[in-house]
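*Asks:* Just passing along the structure, written as structure tokens.
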Amino acid sequence: MLKKVFASAVFGVEASTITVEVNVDKGIGYHLVGLPDNAIKESNFRIAAALQNNGYRIPGKKIIINMSPADLRKEGSAYDLTLAIGILASTDQIKAEDLDKYLIMGELSLDGSLQPIKGALPIAVKAREEGFKGFILPSQNAKEAAIVDNLEVYGVENIEQVINYFDKGEPLEQTIINTREEFEKNLDFPEFDFSDVKGQEGIKRCMEIAAAGGHNIILIGPPGAGKTMLAKRLPSILPPMTLHEALETTKIHSVVGRVKDTGLMAQRPFRSPHHTISNVALVGGGSYPQPSEISLSHNGVLFLDELPEFKREVLEVMRQPLEDREVTISRAKFTVTYPSSFMLVASMNPSPSGYFNDPDAPITSSPAEMQRYLGKISGPLLDRIDIHIEVTPVPFDKLSDDRKGETSVDIRKRVTKAREVQTNRFKDSDTVHYNAQMNTKQIRKHCVLDESSKQLLKTAMERLNLSARAYDRILKVSRTIADLEGDEVVNGTHISEAIQYRSLDRDGWLG
């Protein structure tokens with residue numbers, strides 16, 4: 001007898017419906033076709049043990065299972081439950097009249113209990129699009145899938161519950177979530193707060209500007225100056241995620257199985273990979289591509305601590321995603337695209353010794369050593385970083401000051417207000433939402449300078465030996481400073497402040 005059961009495969013952040021056809025006939029053998037990987041090929045052992053431990057069996061007949069479309073690669077153990085139910089239905093061990101109305105997925109343990117799967121959210125989205133009535137999956141993934149409305153989601157603990165549902169009509173408990181309420185409930189404030197940072201008022205101002213305009217930023221300073229402390233607090237002043245951003249971010253993390261029990265991610269992600277990371281782990285690739293660090297940072301912050309310690313080729317492959325805000329990985333039979341719109345925050349020492357710009361420490365690195373150290377970072381990569389700022393150690397009198405600094409809540413209010421101005425400015429654009437994303441045409445339109453401001457910028461570029469690539473970056477940052485101040489026009493004051501944030505373009509840093 002032939003039975004069809006439905007599952008799904010995830011490619012990129014989108015899912016495709018898989019039809020599992022199970023045919024049982026005279027003879028002996030178990031044949032699984034349709035480009036399954038090793039994890040799926042091994043499923044017959046897990047299925048056999050799980051069925052036996054629950055009073056069922058794989059019959060000694062010829063079983064042919066086809067996973068259609070047959071030219072699409074399937075991977076992972078999430079098809080165990082699908083295959084098991086298909087085998088039981090095709091051998092008349094259970095009644096299964098409504099199989100075509102449900103998507104069924106889950107990894108089986110030998111006792112029949114279910115383990116969580118990856119990609120539950122994009123699979124649920126696809127199930128709704130395909131018109132399925134419900135989605136049966138492990139209970140650990142139920143909240144994640146229930147984010148999708150107009151789809152019945154049933155979280156189950158073991159295969160016995162699924163069998164009894166189809167065979168005996170025993171009801172399953174539907175998981176229902178109010179997405180809006182779940183989102184608002186998870187909008188807790190981040191644990192790190194800028195009020196914990198002593199001194200560094202100028203750096204805090206710089207971080208506020210970066211957050212307001214979505215600008216990439218690099219912090220240069222000696223060890224212990226507070227670079228990492230400042231970077232970790234940046235998400236606390238970014239505007240709260242919108243529901244659309246939360247769903248988009250959750251979808252990416254769902255693909256790699258990183259969604260927590262809350263179901264919906266409401267906090268902006270903060271990723272901080274080690275400097276030994278490979279280019280595949282940072283940007284993506286491999287035989288079976290998965291979301292990498294830059295995609296997991298989507299709508300959040302990617303922090304690269306000790307930037308010159310990263311392999312140069314690793315940093316270079318990040319240039320294109322920084323510009324396009326997405327990464328496309330092509331293979332012979334498929335192409336996947338992952339979104340990667342994130343804020344890059346990098347930190348570095350100014351020299352191998354770490355104390356080149358510290359006024360209270362001896363210079364233990366020669367100019368040649370410093371140039372060689374800084375030369376590990378290419379000009380084209382720095383071209384994609386809007387703000388360069390020097391961080392110096394905090395004096396003792398400020399470290400010992402018991403007074404609390406300005407809180408992240410207060411800073412976030414100003415940042416959010418500036419972002420609202422930008423959202424309204426770029427409301428007719430599908431690709432640009434804040435100042436850092438502006439292209440040349442938009443810069444010319446929204447950053448019009450009067451003659452005095454032009455002259456100021458020209459003088460600064462000549463006297464400070466600023467590179468040509470700094471020009472557009474200064475204008476973008478100036479526009480953000482103006483937005484924070486509530487000014488419609490960029491003026492000399494905004495230009496003057498923005499010029500201060502291009503340290504690495506000055507003569508004597510990178511030559």
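*Asks:* Within the stretch 153-166, which residues are crowded, with 17+ Cβ neighbours inside 10 Å and either touching a helix residue (DSSP H, G or I) at 6+ places or on another chain (Cβ under 9 Å) or small (Gly, Ala, Ser) (or both)?
*Replies:* Within the stretch 153-166, 153, 154, 155, 156, 158, 159, 162, 163, 166 meet the criteria.
*Asks:* Does residue 7 satisfy being in contact with a Phe, Trp or Tyr (Cβ under 6 Å, 6 or more places away or on another chain), within 30 Å of residue 327 (Cα to Cα), small (Gly, Ala, Ser) and surrounded by 14 or more Cβ atoms within 10 Å (Cβ to Cβ)?
*Replies:* It is true that residue 7 is in contact with a Phe, Trp or Tyr (Cβ under 6 Å, 6 or more places away or on another chain), within 30 Å of residue 327 (Cα to Cα), small (Gly, Ala, Ser) and surrounded by 14 or more Cβ atoms within 10 Å (Cβ to Cβ).
*Asks:* Sticking with this one: Kindly indicate which of 49, 78, 84 is at pLDDT 95 or above, assigned to a loop (DSSP other than H, G, I, E, B) and closer than 30 Å to residue 259 by Cα.
*Replies:* Checking each option against the conditions leaves just 78.
*Asks:* Right, here's the next one. If you take the residues in the stretch 15-58 that are among the charged types (D, E, K, R) and surrounded by 16 or more Cβ atoms within 10 Å (Cβ to Cβ), which one is nearest to the chain's Cα centre (by Cα)?
*Replies:* 46
*Asks:* Continuing with the same structure: Quick check on the stretch 454-480: of everything there that is farther than 19 Å from residue 441 by Cα and of a type in the set (Gly, Ala, Ser), which residue is modelled with the highest pLDDT?
*Replies:* Per the stated criteria, the residue is 460.
*Asks:* Taking residue 273 as the residue in question, decide whether it is farther than 30 Å from residue 106 by Cα and open to solvent by 40 Å² or more (accessible area, probe 1.4 Å).
*Replies:* no
*Asks:* Which of the residues spanning the stretch 114-153 are assigned to a helix (DSSP H, G or I) and acidic (Asp, Glu)?
*Replies:* 129, 144 - these are the residues of the stretch 114-153 that are assigned to a helix (DSSP H, G or I) and acidic (Asp, Glu).
*Asks:* Sort out which residues of the stretch 74-113 are under 28 Å from the mean Cα position of the chain (by Cα), open to solvent by less than 10 Å² (accessible area, probe 1.4 Å) and under 28 Å from residue 60 (Cβ atoms), and write them in order of number.
*Replies:* 74, 79, 104, 105, 106
Rundown of residues vs (1) in contact with a His (Cβ under 9 Å, 6 or more places away or on another chain); (2) touching a residue at least 60 places away in the same chain (Cβ under 8 Å); (3) in a helix (DSSP H, G or I), yes/no style:
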| position | (1), (2), (3) |
| --- | --- |
| 267 | no, yes, no |
| 285 | no, no, no |
| 320 | no, no, yes |
| 337 | no, yes, no |
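*Asks:* List the pairs whose first member sits in the stretch 323-334 and is under 13 Å from residue 289 (Cα atoms), whose second member is small (Gly, Ala, Ser) and open to solvent by 60 Å² or more (accessible area, probe 1.4 Å), and whose Cβ atoms are under 8 Å apart, counting only residues at least 6 apart or on separate chains?
*Replies:* Pairs that qualify, where the first residue is under 13 Å from residue 289 (Cα atoms) and the partner is small (Gly, Ala, Ser) and open to solvent by 60 Å² or more (accessible area, probe 1.4 Å), are 331/287.
*Asks:* For the stretch 402-428, give me each residue that is over 19 Å from residue 208 (Cβ atoms) and open to solvent by less than 30 Å² (accessible area, probe 1.4 Å).
*Replies:* Listed by number, the list holds a single entry, 426.
*Asks:* Also: Could you tell me whether residue 258 is at pLDDT 85 or above, open to solvent by less than 60 Å² (accessible area, probe 1.4 Å), assigned to a loop (DSSP other than H, G, I, E, B) and touching a Leu at 6+ places or on another chain (Cβ under 9 Å)?
*Replies:* no
*Asks:* Do we have residue 204 as in contact with a helix residue (DSSP H, G or I) (Cβ under 8 Å, 6 or more places away or on another chain), open to solvent by 10 Å² or more (accessible area, probe 1.4 Å) and under 26 Å from residue 475 (Cα atoms) here?
*Replies:* Considered against the rule, which asks whether it is in contact with a helix residue (DSSP H, G or I) (Cβ under 8 Å, 6 or more places away or on another chain), open to solvent by 10 Å² or more (accessible area, probe 1.4 Å) and under 26 Å from residue 475 (Cα atoms), residue 204 comes out as yes.
*Asks:* Next up: For the stretch 1-12, enumerate the residues that are at pLDDT 90 or above, hydrophobic (A, V, I, L, M, F, W, C) and farther than 18 Å from residue 88 by Cβ.
*Replies:* Result: 9, 10.
*Asks:* Looking only at the stretch 171-203, count every residue that is more than 25 Å from the chain's Cα centre (by Cα) and not aliphatic (A, V, I, L, M) and tell me the total.
*Replies:* Qualifying residue count, the stretch 171-203: 11.
The values are calculated or read from the model by the stated rules, or taken from the named source; none is laboratory data. Quick caveat, the model's predicted, so the values are computed rather than measured. Because the Cβ atoms are built from the backbone with ideal geometry, glycine has one as well, and the counts that use them run over all protein chains shown. Ligands, DNA and RNA are excluded from the accessible area calculation, which covers all protein heavy atoms including side chains. Shrake-Rupley method; radii C 1.70, N 1.55, O 1.52, S 1.80 Å.
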